[in-house]
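Asker: Just dropping this structure here.
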Amino acid sequence: MRSLLITLFLLTYICSNAQNTSVGQAEMDTYNSFIKNDYKTTIKIGRQAINQGADSYYIRYRIGVSCYQIKNYEAAITHLEKAKSLGSNDAGVLEYLYYAYIFTNRNEKSSRTFNAFA
């Protein structure tokens, strides 16, 4: 019984570290493409990471802003809302959400987002 518990603990530890490594790698990869204004690559890398279970505020923020920059406001909203839900009321997230809501005629949501700045 003891060896089973130790084995389960080690497997859990290894899996959690593998997940953290993949999130860290995805954050670094999306950052590198994002700072080069390579928005399509940022979106591709970020979506692949999410599909593989790696998700974070930074990945969602970069995908959201990248979608916004290529005028895909619906996708931008999806990812920016997720970034916000991951624990950030960052002014950058709120600003991009505000304008994406305006460009998609979501006036009530844009108004609520604007009020969050105040």
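Asker: What are the semi-axes of the equivalent ellipsoid for the stretch 18-114, taken as the square roots of 5 times the Cα gyration tensor eigenvalues, largest first, in whole Å?
Answerer: They are 23, 14, 10 Å, listed from largest to smallest.
Asker: A further question on this structure: What trypsin sites (Lys or Arg not before Pro) in the stretch 44-84 are in a loop by DSSP, with at most 11 other Cβ atoms within 10 Å of the Cβ? Can you show the working numbers first?
Answerer: Numbers: sites: 44, 47, 60, 62, 71, 82, 84; in loops: 71.
When the trypsin sites (Lys or Arg not before Pro) of the stretch 44-84 are filtered for loop state and at most 11 Cβ neighbours within 10 Å, 71 remain.
Where a number appears in this text, it was derived from the coordinates with a stated rule and is not lab data. Values in this document were obtained by computation on a predicted structure and should not be read as measured data. No Cβ is skipped: glycine too gets one built from the backbone with ideal geometry, and neighbour counts run over all protein chains shown.
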